[in-house]
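Throughout, read-outs are computed from the coordinates displayed, never taken from laboratory work. A quick note: this is a predicted structure, and the numbers were derived from the prediction, not measured. In this analysis, Cβ positions are derived from the backbone assuming ideal geometry, glycine residues included, and neighbour counts consider all displayed protein chains.
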Amino acid sequence: MSATHFMSRAHDGMNMSMSGSTWPRWDSWHFSIAGLVTGVVGAGLIIVMRRHLSIRQQWFLVGALAASVLLLCSDVQSLSMTSYRSHMIEHLIVLLVIAPLVASSVSLRVPKPVATLGFLAFTVLIPLYHLTPLGSWVMSHEGGHYVELSSFLIIGVWFWTPVYGIRQVMSERQRVTFTTLALPVVATTGLVLWSSTAASLSVTGMRMAMITIGDIHNGGSIMMLWGTILMLVHVIVITMIAAFRGRAERVPIGLRYVVR
């Protein structure tokens, strides 16, 4: 490859539309067919299943449903095809907010081998949609974008169910380790995007004509910083739950002989 051709490809990568520089407005809302369908279907499922769900499970599902509808009717979603930072915010909300809420209401018992597969799927899915040609494909096809969000939700619930699910098979320490090991995947993927160049993205097959290289850097920084913060919050929450459960299970010294 000649130097002239290489510079031409780099220039093509840099010569992108400035539409990707738009930040989402949190006070901007719109009607969304996807939001309406999600709200109606989700509410219907909760109503039909309410007899088989505890109050705790119902609240978690309502929270996940509310977050989903708000996301689909927000500026974050409407700009997600033209703004990489909005696209990344949307991913983090689905993976690290909505999916854990759904997982917290799941009564399914996930064996450890299946949980390990969920962990592997989670760690592969994130770089797959951000560091391969698949990432640029979903940015140019709306149908592909919804497939991407659906896969994030499914894999996210699969990953978080062994951590937050009701019928847990892992110990408290294993759940903390499980979540902590996934943190570098989120942070590293964001770091790669933040440090990328138009030429390096072109080499990997990432060609997004509507996105600026600066917007990709901003999206990477969002994943690197806010993704890491959200994962740390999960680690802290799981650690605190483990500590409180461990304390609750201890029998007070003065009652040991009474219990016996």
Please list 88-99, 219-230, 54-65 highest first by mean number of surrounding beta-carbon atoms within 10 Å per residue.
-> 88-99, 219-230, 54-65
Evaluate Rg over Rh across segment 27-78, taking Cα atoms for both radii and Kirkwood's formula for Rh.
-> 1.06
Round to a whole angstrom and tell me the spacing of the C-alpha centers of segment 27-101 and segment 118-192.
-> 17
Residues of segment 102-127 with backbone N under 20 Å of the label point set 7 Å from the Cα of residue 226 along Cα→Cβ are 102, 126-127
Please build a GNM for the chain, connecting alpha carbons under 10 Å apart, and tell me which residue among 234, 30, 217 fluctuates the most.
-> 30
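Give, in nm to one decimal, the length gained when the segment between residue 236 and residue 117 is fully stretched (0.36 nm per residue of separation minus the Cα-Cα distance). Could the numbers behind the result be given before it?
Numbers: separation 119, 0.36 × 119 = 42.84 nm, distance 2.36 nm.
Contour length minus Cα-Cα distance gives 40.5 nm.
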With a 10 Å Cβ neighbour count serving as the proxy for reagent exposure, in which order, fewest first, do 31, 159, 122 appear?
-> 31, 122, 159
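How large is the helix-only mean residue ellipticity at 222 nm for the chain, computed as the sum of -39500 (n - 2.57) over DSSP H runs with n ≥ 4, divided by its residue count, in deg cm²/dmol to the nearest 500?
Numbers: 14 runs with 181 residues, N = 260.
Counting only the DSSP helices, I get -22000 deg cm²/dmol.
Hey, what did the chain get for relative contact order, percent, Cα under 8 Å, at least 6 apart?
Values: 344 pairs, mean separation 68.3, N = 260.
Across the chain, relative contact order equals 26 percent.
With the alpha-carbon atoms as the only input, what is the per residue convex hull volume for the chain in Å³?
148
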